[in-house]
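Read the figures in this text as sums done on the coordinates, not as results from a lab. This structure is a prediction, so every number in the text was calculated from the model and none was measured. Heads up, the Cβs are rebuilt from the backbone with ideal geometry, glycines too, and the neighbour counts pull from every protein chain shown.
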Amino acid sequence: NSMDRIDDSVRRILELKNTLGLFDDPIPPVSMPSLTDTVGSDQDYDMSLQAALDSITILKNNNMMTIPLPGKDVGIAIGGPTCDSLVSQTGCWTFHWQGAFSNEEFSRGTTILEGINEISTVPVSMLL
């Protein structure tokens with residue numbers, strides 16, 4: 001049943017935390033700087049950028065079709081309002097436990113729509 005599945009999942013998580021030693025010293029020393037003091041640091045940004053770059057998937061085209069299509073007056077359509085939202089693209093735990101509330105909270109960052117606009121030679125539009 002579903003409670004057994006939940007119990008099993010919680011048990012596995014707690015066992016892993018125990019194996020990793022996360023219960024050995026549950027209260028960090030006062031002299032230890034708070035991890036929240038380093039959130040959003042240059043090191044965090046660099047690591048996040050590297051993780052994003054490492055996770056990008058490029059599909060092989062084999063010259064079957066080029067975009068934009070030759071001889072066509074076309075543009076690029078990006079679907080959905082989240083393509084221009086750093087809030088949606090970064091998710092929870094970005095700055096505080098519920099994530100950011102607006103793009104203005106980010107001192108840096110580029111949305112998918114902004115990034116494509118920066119490199120595109122054809123018009124780019126957002127479809128809602």
Long-range amide H partners of Met126 with built H, under 5 Å: Ile78
Residues with amide H under 5 Å from that of Ala100, placed H, sequence gap 5 or more: Thr94, Phe95
Estimated FRET transfer efficiency when R0 is 35 angstrom, pair Arg11-Ser107 (beta carbons, to 0.05): 0.30
